[in-house]
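The values are calculated or read from the model by the stated rules, or taken from the named source; none is laboratory data. Given the structure is predicted, the values throughout are model-derived calculations rather than measurements. For neighbour counting, all protein chains shown are included, and Cβ atoms are generated from backbone atoms with ideal geometry for every residue, glycine included.
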Amino acid sequence: MKTPRLYADLAWLWPYLSPPGDYVEEAALLNELIAERLGHGPKRILELGAGGGHTLVHLCEAGAEASRMVGGWDGIHEGVAVDLSEPMLANCRALIPGVETHLGDMRSVRLGKTFDAVLIHDAVDYLLSEDDIRQTLDTVAAHLEPGGLAFIAPTYTADTFVDGEVADDGTTIEDAQAVTYFSYVHDPDPSDTTFEMILLYLIRSPADATPLRRVEVVEDRHTCGLFSIARWLSLMGGAGFDASLVEQEGGAWSLFLGRLRG
Ligand SMILES: C[S@@+](CC[C@H](N)C(=O)[O-])C[C@H]1O[C@@H](n2cnc3c(N)ncnc32)[C@H](O)[C@@H]1O
(Lines give C-alpha, C1' and ligand atoms only; values in the text may rest on other atoms or scores of the structure.)
Protein backbone atom coordinates (compact mmCIF):
# COMPACT_ATOMS: atom_id res chain seq x y z
CA MET A 1 0.00 0.00 0.00
CA LYS A 2 1.23 3.50 -0.77
CA THR A 3 2.26 5.34 2.41
CA PRO A 4 -0.25 8.08 3.24
CA ARG A 5 1.35 11.53 3.03
CA LEU A 6 0.49 12.08 6.70
CA TYR A 7 3.13 9.48 7.60
CA ALA A 8 5.65 10.64 4.99
CA ASP A 9 6.35 14.20 3.80
CA LEU A 10 3.45 15.63 5.83
CA ALA A 11 4.32 13.87 9.12
CA TRP A 12 5.14 17.32 10.57
CA LEU A 13 1.36 17.94 10.59
CA TRP A 14 0.63 15.05 12.97
CA PRO A 15 1.25 16.83 16.31
CA TYR A 16 -1.06 19.65 15.17
CA LEU A 17 -3.85 17.51 13.72
CA SER A 18 -4.10 15.08 16.62
CA PRO A 19 -2.33 16.63 19.63
CA PRO A 20 -1.03 14.44 22.48
CA GLY A 21 -3.55 16.06 24.83
CA ASP A 22 -6.33 14.27 22.92
CA TYR A 23 -5.01 10.90 24.12
CA VAL A 24 -5.02 11.47 27.88
CA GLU A 25 -8.31 9.67 28.56
CA GLU A 26 -7.36 6.68 26.44
CA ALA A 27 -3.97 6.41 28.12
CA ALA A 28 -5.64 6.70 31.55
CA LEU A 29 -7.88 3.74 30.78
CA LEU A 30 -4.91 1.68 29.60
CA ASN A 31 -2.97 2.62 32.71
CA GLU A 32 -5.88 1.54 34.90
CA LEU A 33 -6.31 -1.79 33.10
CA ILE A 34 -2.59 -2.52 33.34
CA ALA A 35 -2.61 -1.82 37.08
CA GLU A 36 -5.74 -3.93 37.61
CA ARG A 37 -4.39 -6.92 35.69
CA LEU A 38 -0.64 -6.75 36.45
CA GLY A 39 -0.49 -4.71 39.65
CA HIS A 40 0.83 -1.21 40.26
CA GLY A 41 4.38 -0.11 39.49
CA PRO A 42 6.49 0.27 36.38
CA LYS A 43 5.85 -2.08 33.47
CA ARG A 44 7.53 -2.58 30.09
CA ILE A 45 5.21 -1.51 27.28
CA LEU A 46 5.72 -2.01 23.56
CA GLU A 47 3.58 0.04 21.19
CA LEU A 48 3.37 -1.21 17.60
CA GLY A 49 2.51 1.59 15.16
CA ALA A 50 3.31 4.10 17.90
CA GLY A 51 3.42 6.97 15.39
CA GLY A 52 4.20 10.25 17.11
CA GLY A 53 3.93 8.62 20.56
CA HIS A 54 0.81 10.58 21.51
CA THR A 55 -0.52 7.68 23.59
CA LEU A 56 2.85 6.38 24.77
CA VAL A 57 3.91 9.77 26.08
CA HIS A 58 1.28 9.57 28.82
CA LEU A 59 2.28 6.07 29.83
CA CYS A 60 6.03 6.13 29.97
CA GLU A 61 8.52 7.60 32.36
CA ALA A 62 10.54 9.28 29.62
CA GLY A 63 7.43 11.19 28.56
CA ALA A 64 6.50 12.42 32.02
CA GLU A 65 7.53 15.99 31.38
CA ALA A 66 5.72 16.33 28.05
CA SER A 67 2.70 14.54 29.50
CA ARG A 68 2.48 17.03 32.36
CA MET A 69 2.52 19.79 29.75
CA VAL A 70 -0.63 18.40 28.15
CA GLY A 71 -2.43 17.74 31.41
CA GLY A 72 -1.61 14.07 31.92
CA TRP A 73 0.06 12.49 34.90
CA ASP A 74 3.62 11.34 35.55
CA GLY A 75 4.12 8.24 33.46
CA ILE A 76 5.75 5.36 35.24
CA HIS A 77 6.30 2.75 32.55
CA GLU A 78 9.17 2.01 30.20
CA GLY A 79 7.91 2.48 26.65
CA VAL A 80 9.32 1.20 23.37
CA ALA A 81 7.96 2.39 20.01
CA VAL A 82 7.84 0.57 16.67
CA ASP A 83 6.55 2.17 13.48
CA LEU A 84 6.78 1.79 9.73
CA SER A 85 7.45 5.50 9.26
CA GLU A 86 10.77 7.12 10.18
CA PRO A 87 9.27 10.67 10.09
CA MET A 88 6.62 9.56 12.61
CA LEU A 89 9.30 8.01 14.83
CA ALA A 90 11.20 11.30 14.62
CA ASN A 91 8.05 13.02 15.97
CA CYS A 92 7.96 10.40 18.74
CA ARG A 93 11.58 11.02 19.76
CA ALA A 94 10.96 14.78 19.76
CA LEU A 95 8.00 14.32 22.11
CA ILE A 96 9.54 11.65 24.35
CA PRO A 97 13.26 12.34 24.73
CA GLY A 98 15.31 9.17 25.04
CA VAL A 99 12.50 6.81 24.03
CA GLU A 100 13.66 3.60 22.33
CA THR A 101 12.32 3.49 18.76
CA HIS A 102 12.52 0.85 16.02
CA LEU A 103 11.61 1.10 12.38
CA GLY A 104 9.54 -1.98 11.58
CA ASP A 105 6.32 -3.50 10.32
CA MET A 106 3.97 -4.74 13.02
CA ARG A 107 3.28 -7.82 10.90
CA SER A 108 6.86 -9.03 10.98
CA VAL A 109 9.04 -7.11 13.44
CA ARG A 110 10.87 -9.14 16.11
CA LEU A 111 12.81 -7.23 18.76
CA GLY A 112 14.08 -10.37 20.49
CA LYS A 113 12.73 -9.36 23.89
CA THR A 114 9.45 -9.49 25.77
CA PHE A 115 7.26 -6.89 27.48
CA ASP A 116 4.52 -6.86 30.10
CA ALA A 117 2.03 -5.38 27.65
CA VAL A 118 1.85 -4.72 23.91
CA LEU A 119 -0.37 -1.94 22.60
CA ILE A 120 -1.63 -1.30 19.10
CA HIS A 121 -3.83 1.75 19.06
CA ASP A 122 -5.22 3.39 15.90
CA ALA A 123 -2.32 2.07 13.80
CA VAL A 124 -4.20 -1.23 13.73
CA ASP A 125 -6.65 0.51 11.36
CA TYR A 126 -4.07 -0.05 8.63
CA LEU A 127 -4.35 -3.85 8.72
CA LEU A 128 -6.47 -4.67 5.69
CA SER A 129 -6.94 -8.43 5.78
CA GLU A 130 -7.36 -11.24 8.28
CA ASP A 131 -3.89 -12.45 7.26
CA ASP A 132 -2.47 -9.05 8.26
CA ILE A 133 -4.20 -9.41 11.63
CA ARG A 134 -2.99 -12.98 12.17
CA GLN A 135 0.62 -11.99 11.40
CA THR A 136 0.36 -8.99 13.70
CA LEU A 137 -1.12 -11.03 16.55
CA ASP A 138 1.84 -13.45 16.14
CA THR A 139 4.13 -10.41 16.54
CA VAL A 140 2.25 -9.39 19.68
CA ALA A 141 2.49 -12.91 21.13
CA ALA A 142 6.22 -13.09 20.28
CA HIS A 143 6.79 -10.04 22.50
CA LEU A 144 4.88 -11.28 25.55
CA GLU A 145 5.37 -13.96 28.19
CA PRO A 146 2.34 -16.08 29.12
CA GLY A 147 0.01 -13.88 31.16
CA GLY A 148 1.17 -10.75 29.29
CA LEU A 149 -1.41 -8.29 28.01
CA ALA A 150 -2.37 -7.24 24.49
CA PHE A 151 -4.35 -4.04 23.92
CA ILE A 152 -5.74 -3.68 20.41
CA ALA A 153 -7.77 -0.58 19.69
CA PRO A 154 -9.26 -0.06 16.22
CA THR A 155 -11.01 3.23 15.57
CA TYR A 156 -13.90 1.37 13.93
CA THR A 157 -15.21 -2.16 13.88
CA ALA A 158 -17.82 -3.28 11.36
CA ASP A 159 -20.26 -2.94 14.29
CA THR A 160 -19.39 0.67 15.08
CA PHE A 161 -18.56 2.07 11.62
CA VAL A 162 -20.51 5.18 10.61
CA ASP A 163 -20.57 5.42 6.82
CA GLY A 164 -20.11 9.04 5.72
CA GLU A 165 -18.89 10.27 9.12
CA VAL A 166 -17.11 13.62 9.03
CA ALA A 167 -14.63 14.73 11.67
CA ASP A 168 -13.92 18.43 11.59
CA ASP A 169 -11.09 19.16 13.93
CA GLY A 170 -10.96 22.84 13.10
CA THR A 171 -7.94 25.01 12.80
CA THR A 172 -4.67 24.77 14.62
CA ILE A 173 -2.00 27.37 14.28
CA GLU A 174 1.71 26.85 14.45
CA ASP A 175 3.50 30.16 14.61
CA ALA A 176 2.15 32.12 11.66
CA GLN A 177 1.21 29.08 9.60
CA ALA A 178 -2.36 27.85 9.78
CA VAL A 179 -3.54 24.31 9.17
CA THR A 180 -7.16 23.31 8.88
CA TYR A 181 -8.22 19.75 8.28
CA PHE A 182 -11.13 17.41 8.23
CA SER A 183 -11.67 13.75 7.57
CA TYR A 184 -14.43 11.77 5.92
CA VAL A 185 -14.89 8.00 6.03
CA HIS A 186 -16.87 5.89 3.62
CA ASP A 187 -17.17 2.25 2.66
CA PRO A 188 -17.19 1.85 -1.13
CA ASP A 189 -17.69 -1.93 -0.98
CA PRO A 190 -19.40 -3.24 2.16
CA SER A 191 -18.68 -6.82 1.05
CA ASP A 192 -14.90 -6.47 1.60
CA THR A 193 -12.84 -5.75 4.74
CA THR A 194 -11.76 -2.19 3.95
CA PHE A 195 -13.05 1.35 4.06
CA GLU A 196 -11.57 4.63 2.92
CA MET A 197 -10.62 7.61 5.07
CA ILE A 198 -10.15 10.81 3.09
CA LEU A 199 -8.22 13.57 4.83
CA LEU A 200 -8.19 17.11 3.51
CA TYR A 201 -5.62 19.60 4.74
CA LEU A 202 -5.68 23.32 4.07
CA ILE A 203 -2.18 24.59 4.73
CA ARG A 204 -1.84 28.34 4.71
CA SER A 205 1.60 29.82 4.22
CA PRO A 206 3.08 32.02 6.99
CA ALA A 207 1.97 35.62 7.45
CA ASP A 208 5.26 36.95 6.07
CA ALA A 209 5.09 34.84 2.89
CA THR A 210 5.82 36.83 -0.25
CA PRO A 211 4.32 38.02 -2.46
CA LEU A 212 1.05 36.64 -1.00
CA ARG A 213 -0.15 34.11 1.55
CA ARG A 214 -1.42 31.05 -0.26
CA VAL A 215 -3.51 28.07 0.79
CA GLU A 216 -2.45 24.64 -0.41
CA VAL A 217 -5.27 22.08 -0.42
CA VAL A 218 -4.01 18.52 0.00
CA GLU A 219 -6.08 15.37 -0.44
CA ASP A 220 -4.71 12.32 1.40
CA ARG A 221 -6.60 9.04 0.95
CA HIS A 222 -6.03 6.20 3.43
CA THR A 223 -7.26 2.63 2.99
CA CYS A 224 -8.16 1.08 6.33
CA GLY A 225 -9.45 -2.28 7.56
CA LEU A 226 -12.90 -3.08 8.96
CA PHE A 227 -13.64 -6.26 10.92
CA SER A 228 -16.48 -7.21 13.22
CA ILE A 229 -16.06 -7.47 16.98
CA ALA A 230 -16.77 -11.20 16.70
CA ARG A 231 -13.95 -11.63 14.11
CA TRP A 232 -11.49 -9.69 16.27
CA LEU A 233 -12.28 -11.86 19.28
CA SER A 234 -12.06 -15.03 17.25
CA LEU A 235 -8.73 -14.07 15.63
CA MET A 236 -7.29 -13.13 19.03
CA GLY A 237 -8.52 -16.43 20.47
CA GLY A 238 -6.88 -18.29 17.56
CA ALA A 239 -3.58 -16.50 18.23
CA GLY A 240 -3.47 -17.75 21.84
CA PHE A 241 -5.19 -14.93 23.72
CA ASP A 242 -8.09 -15.00 26.15
CA ALA A 243 -9.77 -11.99 24.65
CA SER A 244 -12.60 -9.66 25.55
CA LEU A 245 -14.03 -6.31 24.49
CA VAL A 246 -13.55 -3.67 27.19
CA GLU A 247 -16.90 -2.06 27.98
CA GLN A 248 -16.74 1.73 27.67
CA GLU A 249 -19.23 4.53 27.71
CA GLY A 250 -18.86 6.30 24.38
CA GLY A 251 -15.20 6.42 23.46
CA ALA A 252 -13.49 7.09 20.16
CA TRP A 253 -12.30 3.50 19.77
CA SER A 254 -13.08 -0.12 20.47
CA LEU A 255 -10.66 -1.71 22.89
CA PHE A 256 -9.85 -5.42 22.89
CA LEU A 257 -7.90 -6.83 25.80
CA GLY A 258 -6.12 -10.15 25.43
CA ARG A 259 -4.16 -12.18 27.96
CA LEU A 260 -1.65 -14.56 26.43
CA ARG A 261 -2.41 -18.13 27.48
CA GLY A 262 0.41 -20.23 28.96
C1 LIG B 1 -2.72 7.25 13.28
S2 LIG B 1 -1.00 6.99 13.32
C3 LIG B 1 -0.72 6.42 14.96
C4 LIG B 1 -0.59 7.50 15.88
C5 LIG B 1 -0.25 7.05 17.27
N6 LIG B 1 -1.37 6.38 17.91
C7 LIG B 1 0.20 8.21 18.10
O8 LIG B 1 -0.03 8.13 19.30
O9 LIG B 1 0.81 9.15 17.62
C10 LIG B 1 -0.85 5.44 12.49
C11 LIG B 1 0.58 4.93 12.46
O12 LIG B 1 0.56 3.57 12.05
C13 LIG B 1 1.77 3.33 11.36
N14 LIG B 1 1.62 2.06 10.65
C15 LIG B 1 0.72 1.75 9.68
N16 LIG B 1 0.89 0.47 9.29
C17 LIG B 1 1.90 -0.04 10.04
C18 LIG B 1 2.54 -1.31 10.12
N19 LIG B 1 2.17 -2.32 9.32
N20 LIG B 1 3.53 -1.48 11.03
C21 LIG B 1 3.93 -0.45 11.82
N22 LIG B 1 3.36 0.77 11.79
C23 LIG B 1 2.36 0.97 10.92
C24 LIG B 1 1.91 4.56 10.50
O25 LIG B 1 3.23 4.71 10.02
C26 LIG B 1 1.48 5.64 11.46
O27 LIG B 1 2.58 6.20 12.15
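At-a-glance table
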{"quantity": "Residue selected from the stretch 1-38 under the condition within 17 Å of D122 (Cα to Cα) and β-branched (V, I, T), by the criterion nearest to the ligand (Cβ to nearest atom)", "calculated": "T3"}
{"quantity": "Helices (runs of 4 or more DSSP H) lying entirely in the stretch 3-111 (those with 1 or more residues that are modelled with pLDDT of 90 or more)", "calculated": "14-17, 24-38, 56-59, 86-95"}
{"quantity": "Qualifying positions in the stretch 51-69 - of a type outside the set (A, V, I, L, M, F, W, C) and either surrounded by 22 or more Cβ atoms within 10 Å (Cβ to Cβ) or within 11 Å of the ligand (Cβ to nearest atom) (or both)", "calculated": "G51, G52, G53, H54, T55, H58, G63, S67"}
{"quantity": "Test: residue in the stretch 186-196 that is under 28 Å from K43 (Cα atoms) and buried (at least 20 other Cβ atoms within 10 Å of the Cβ)", "calculated": "no"}
{"quantity": "Residue match in the stretch 97-111 (condition: within 9 Å of the ligand (Cβ to nearest atom), crowded, with 24+ Cβ neighbours inside 10 Å and of a type outside the set (V, I, T))", "calculated": "yes"}
{"quantity": "Selection within the stretch 115-125 - within 9 Å of the ligand (Cβ to nearest atom), charged (D, E, K, R) and not in a helix (DSSP H, G or I)", "calculated": "none"}
{"quantity": "Residues of the stretch 18-45 classified as of a type outside the set (D, E, K, R), free of Cβ contacts under 8 Å to residues at least 24 places away in the same chain and on the phi < 0 side of the Ramachandran plot, total", "calculated": "2"}
{"quantity": "Contacts under 8 angstrom Cβ, first residue in the stretch 131-145 being touching a residue at least 12 places away in the same chain (Cβ under 8 Å) and assigned by TED's automatic domain parsing to the domain that holds T114, partner part of a helix (DSSP H, G or I) and crowded, with 17+ Cβ neighbours inside 10 Å, 6 or more apart", "calculated": "I133/W232; I133/L235; R134/L235; T136/V124; L137/L235; L137/M236"}
{"quantity": "Boolean, A90 is more than 8 Å from the ligand (Cβ to nearest atom) and within 24 Å of T157 (Cβ to Cβ)", "calculated": "no"}
{"quantity": "Flag if L128 is within 16 Å of the ligand (Cβ to nearest atom), in a loop (DSSP other than H, G, I, E, B) and touching a residue at least 60 places away in the same chain (Cβ under 8 Å)", "calculated": "yes"}
{"quantity": "Hits in the stretch 177-220 (condition: under 19 Å from A11 (Cβ atoms), within 21 Å of the chain's Cα centre (by Cα) and of a type in the set (A, V, I, L, M))", "calculated": "M197, I198, L199, L200"}
{"quantity": "Breaking point among (1) farther than 21 Å from G258 by Cα; (2) over 19 Å from the mean Cα position of the chain (by Cα); (3) small (G, A, S), for G39", "calculated": "(1)"}
{"quantity": "Failed condition for L48, given (1) within 12 Å of the ligand (Cβ to nearest atom); (2) without any contact (Cβ under 8 Å) to a residue 60 or more places away in the chain; (3) buried (at least 18 other Cβ atoms within 10 Å of the Cβ)", "calculated": "(2)"}
{"quantity": "The stretch 2-19, residues that are more than 13 Å from D220 (Cβ to Cβ) and either among the basic types (K, R) or surrounded by fewer than 17 Cβ atoms within 10 Å (Cβ to Cβ) (or both)", "calculated": "W12, P19"}
{"quantity": "Residues satisfying the stated conditions in the stretch 51-88, i.e. without any contact (Cβ under 8 Å) to a residue 24 or more places away in the chain and within 16 Å of D105 (Cα to Cα)", "calculated": "E86"}
{"quantity": "Flag if G51 is in contact with a strand residue (DSSP E or B) (Cβ under 7 Å, 6 or more places away or on another chain) and under 30 Å from E219 (Cα atoms)", "calculated": "yes"}
{"quantity": "Members of the stretch 70-87 that are surrounded by fewer than 17 Cβ atoms within 10 Å (Cβ to Cβ) and within 13 Å of the ligand (Cβ to nearest atom)", "calculated": "E86"}
